[in-house]
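In what follows, a structure is listed as structure tokens, so that the remarks can point back to it.
The values are calculated or read from the model by the stated rules, or taken from the named source; none is laboratory data. In this text the structure is predicted, and so the values were computed from the model without any measurement. So basically every Cβ, Gly included, is an ideal-geometry build from the backbone, and we count neighbours across all protein chains shown. For the accessible areas, the whole protein counts, side chains as well, though only heavy atoms, and no ligand, DNA or RNA atoms are used. Shrake-Rupley method; radii C 1.70, N 1.55, O 1.52, S 1.80 Å.
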Amino acid sequence: MQTIVLAGGGHTHLEVLRRLTAERDTEVKWILVSASRYHYYSGMFSGFAEGLYTLEEIRIDLKKICTDKNIDFIEDTLQSFDPEKREVVLSSGERLPYDRLSLDIGSHTAPDKIEGLTEKQVQIKPAHLFPDRIEACRKAKELVIIGGGAAAVEMAFSFHQWKQQNGRKYDRVTVIASSDLIDQKSDAVIETLFNHKGIRYFKNDVAVKVTDRYVVTEGGEEVSYNEVIFLGGAQAPELLGESGLPVDEKGFIKVNACLQTPDDSKVFAAGDCAALTTHPELPKSGVYAVRQGEVLHHNLMASLKREGMKDYTPQRRALILLSAGGKQALMLYGKWRQFGSWAWWWKDYIDRSYMKKYQ
């Protein structure tokens, strides 16, 4: 009996689970280790923050999927893994031997370079932390979001919309971004929407310190807050580097086109925690992680059987639909930038269709 351990319940492993059947090879044992029984779909976080979706609509029951497909499910957190001993260590102290290990443990949002942030922020990654902490952000009189990517923009719009609809018109949402919002072409469009809605925007400024009352920027601004969220980019889990396997300059584990670590053919990685050597600039996005699932599923089995493996090639362009509050959205695709209600309904259809595949 050979054992494949899937560490983490992210987008890629969710797709691997979907492709497994209860009648698969009985000589291979599959184990899923996840910090939460549920996979929370980040694409619907903004709608949940705004109050458009219920908790049940944005999550998938991993334990139920595993039970239905005769997969062992362990609700625990990966503490470390030892490539030489071929075992993983869980927070409970349990040790699991493996023949193949696949990592899909995501990232976190607590950069050490911002003094005081780790202690003060409302941490919404890992994703299963998000639902329990959303209420604090909704009801904060002064909410500050650090970051200028898609997640930061969406959450700013969504929290602002929730406040407007729930009698908190004098609350304020502030965004501090060190560079253009999403990209240079999108920045002007989003800044116009921020101004129209009354969302304060500190452009091209860097948060350097979080005190008990203020987020202090490199430009000398002291931005008051009740709650602060960092959405300025994915940070690598330290256990990746501690494993001894090669990581990139940001600490994410390196994998080749087969999603396999170059120094150990028995370890695979996908999603946010992986750094694809063939595409080092690939964004940390569920859009790419989901499509890695088919390749990962094939390659895990092929590596056990010593058969040919597939390469993962990211799509050249990814459609981005950003919720802008009030059932409106901004569509980004290549050079196209379009805004309207139709874009939100498109996003809603895509997100609900995605969830139906797994729920």
*Please identify the pairs in which a residue from the stretch 54-65 that is farther than 18 Å from I350 by Cβ has its Cβ atom under 7 Å from the Cβ atom of a residue that is of a type in the set (A, V, I, L, M, F, W, C) and assigned to a helix (DSSP H, G or I), counting only partners at least 6 apart or on another chain.*
I65/L17
*asked:* Just the residues that are more than 29 Å from L240 (Cα to Cα) and among the hydrophobic types (A, V, I, L, M, F, W, C), please, taken from the stretch 47-93.
replied: F48, A49, L52, L55
*Selection status of Q292, over 30 Å from G51 (Cβ atoms), touching a Gly at 6+ places or on another chain (Cβ under 8 Å), in contact (Cβ under 8 Å) with a residue 40 or more places away in the chain and open to solvent by 10 Å² or more (accessible area, probe 1.4 Å)*: yes
*State which residue pairs qualify: first residue within 15 Å of L332 (Cβ to Cβ) and inside the stretch 164-191, second residue among the small types (G, A, S) and open to solvent by less than 10 Å² (accessible area, probe 1.4 Å) in any location, beta carbons under 9 Å apart, and separation of 6 or more residues or different chains.*
D180/S186; L181/A152; D187/A177; I190/A324
*Are any of the residues in the stretch 105-124 within 30 Å of L300 (Cβ to Cβ), open to solvent by less than 20 Å² (accessible area, probe 1.4 Å) and of a type in the set (S, T, N, Q)?*
yes
*asked:* With the requirement that a residue be open to solvent by less than 60 Å² (accessible area, probe 1.4 Å) and among the basic types (K, R), what does the stretch 170-227 give you?
replied: K197
*Having 1 or more residues that are more than 23 Å from L101 (Cβ to Cβ) and touching a strand residue (DSSP E or B) at 6+ places or on another chain (Cβ under 8 Å) is the bar; report the strands (runs of 3 or more DSSP E) wholly within the stretch 186-293 that clear it.*
200-203, 207-210, 214-217, 222-224, 227-230
*Are any residues in the stretch 13-44 under 18 Å from H298 (Cβ atoms), touching a strand residue (DSSP E or B) at 6+ places or on another chain (Cβ under 7 Å) and not hydrophobic (A, V, I, L, M, F, W, C), and if so, which ones?*
H13, E27
*Of the residues that sit in the stretch 296-350 and are hydroxyl-bearing (S, T, Y) and either at pLDDT 95 or above or over 30 Å from F48 (Cα atoms) (or both), which one is surrounded by the most Cβ atoms within 10 Å (Cβ to Cβ)?*
S323
_Criterion: polar (S, T, N, Q) and assigned to a loop (DSSP other than H, G, I, E, B) - qualifying residue of S102, S80, S92_ = S92
*asked:* I want to confirm something. Restricting to the stretch 141-161 and keeping residues that are surrounded by fewer than 22 Cβ atoms within 10 Å (Cβ to Cβ) and either modelled with pLDDT of 95 or more or basic (K, R) (or both), which single residue is farthest from the chain's Cα centre (by Cα)?
replied: K141
